[in-house]
Structures are given as structure tokens and as C-alpha cells.
Amino acid sequence: MCTNRTQFLLLIVMLAVSLNGCSPPSENHQEAAVRSDMEVAEALYKKNCKVCHAQGINGAPIVGNQKMWTGRAEQGIDVLVDHAINGFGLMPPKGGKSHVTDEEVRLIVEYYLEQLKKS
Ligand code: HEC
């Protein structure tokens, strides 16, 4: 009796685990959408911003460098996006790439903040 019960419980647990392994498709799609957004952002960053932000040219905060973003990241995404679009200190508006749209700038800044979470 006792073994049967244990086996039964084990079966339930296995069932739960296997069901869990198959998450609803909508969730997967959402994750995929976020991932590809970040891929788009990374490509935009490489093309338009990396030249300064990978090495800290003129004091540009290096992407993913917690220390260099301290005090900046805290301003919040809206202020950061505003600074990136309109220029800030030694950073020219949009890094001098006026063809980059405001939406793209926002996406890149989201990517910057995402990199801070990782490091
Ligand atoms: C010509 C070099 C250069 C390019 C290209 C460049 N940046 Fe910058 N960026 C800087 C510098 C320098 C700073 C630091 C400005 C300061 O604090 O005086 C900065 C700062 C920033 C900040 C922080 C602003 C703040 O409030 O602290 C953001 C966000 C940013 N850049 C986004 C971007 C994005 C997005 C791009 C690409 C579209 C980009 N930058 C391209 C030089 C550049």
C-alpha cells in the first residue's frame, strides 16, 4: 500500500515536471520577441554607438561597465534616452548619427541597461 502510494506520488511529480517543461507557446513567443529586440538593438549599437561606447572615447560610459554607469543608469531610461537623442556633455546628438530614429535610440539604451544587469 505504502509503496503504491509512493509510486503514485512519483508519477504525479513526473507528470508535473514533464508538463512544466512544455510551457505555453505564447510565453515562448514573447521571450523570442524580447530576444530578437535585443539582437536588433545590439546590431544598431555596433553600427552607430560602439565606436565610442566600447572603449570609452571622450569618457563615453562603456557598455556593461557598472562603475561607469553609476549615477547615469539611476537617472532612468527616459532621461538617458533624452540625453542620447539631444546630446549630453561630450556626446553629440545620437552620437552624430542623425539617421538613427528616436525609437532606435530607446531600443539601444534598453540594450545598454540590459547589459548592466548581466555584468
Ligand atoms: C562620438 C562618440 C559617441 C558616440 C558615437 C555615441 N556616444 Fe553616447 N556618449 C558619448 C560620451 C562622450 C558620453 C558621456 C557624456 C558626458 O557625460 O559628458 C556618452 C553618454 C551616453 C549616454 C549616457 C547619458 C547620461 O545621461 O549619462 C547614453 C545613454 C548614450 N551615450 C547613448 C548613446 C547611443 C544610444 C549612441 C548611438 C546612437 C551613442 N551614445 C553614440 C559619446 C558617444
Those residues of region 90-99 which are closer than 19 Å to Ile62 by Cβ and free of Cβ contacts under 8 Å to residues at least 24 places away in the same chain, in sequence order | Pro92, Gly96
Identity of the residue in region 99-119, surrounded by fewer than 16 Cβ atoms within 10 Å (Cβ to Cβ) and polar (S, T, N, Q), that ends up farthest from the ligand (Cβ to nearest atom) | Ser119
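State yes or no: is Gly96 within 12 Å of the ligand (Cβ to nearest atom), modelled with pLDDT of 85 or more and more than 20 Å from the chain's Cα centre (by Cα)? Please lay out each step first, then the result.
Numbers: within 12 Å of the ligand (Cβ to nearest atom): yes; modelled with pLDDT of 85 or more: yes; more than 20 Å from the chain's Cα centre (by Cα): yes.
Considered against the rule, which asks whether it is within 12 Å of the ligand (Cβ to nearest atom), modelled with pLDDT of 85 or more and more than 20 Å from the chain's Cα centre (by Cα), Gly96 comes out as yes.
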Hits in region 1-54 - residues which are open to solvent by 90 Å² or more (accessible area, probe 1.4 Å) and at pLDDT 95 or above = Glu39, Lys46, Lys47, Val51
List the pairs whose first member sits in region 100-119 and is assigned to a loop (DSSP other than H, G, I, E, B) and at pLDDT below 95, whose second member is open to solvent by 70 Å² or more (accessible area, probe 1.4 Å) and not hydrophobic (A, V, I, L, M, F, W, C), and whose Cβ atoms are under 7 Å apart, counting only residues at least 6 apart or on separate chains?
-> Ser119/Gln66
Candidate set from region 34-72 (those that are aliphatic (A, V, I, L, M) and not in a helix (DSSP H, G or I)); member that is nearest to the ligand (Cβ to nearest atom) | Ala60
Which one is farthest from the ligand (Cβ to nearest atom) among residues in region 78-87 that are within 13 Å of Glu110 (Cα to Cα) and open to solvent by less than 50 Å² (accessible area, probe 1.4 Å)?
-> Val81
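The values are calculated or read from the model by the stated rules, or taken from the named source; none is laboratory data. Model, not experiment: these values are computed from the prediction. All Cβ positions, glycine included, derive from the backbone under ideal geometry; neighbour counts span all protein chains shown. Accessible surface areas use protein heavy atoms only, side chains included; no ligands, DNA or RNA. Shrake-Rupley method; radii C 1.70, N 1.55, O 1.52, S 1.80 Å.
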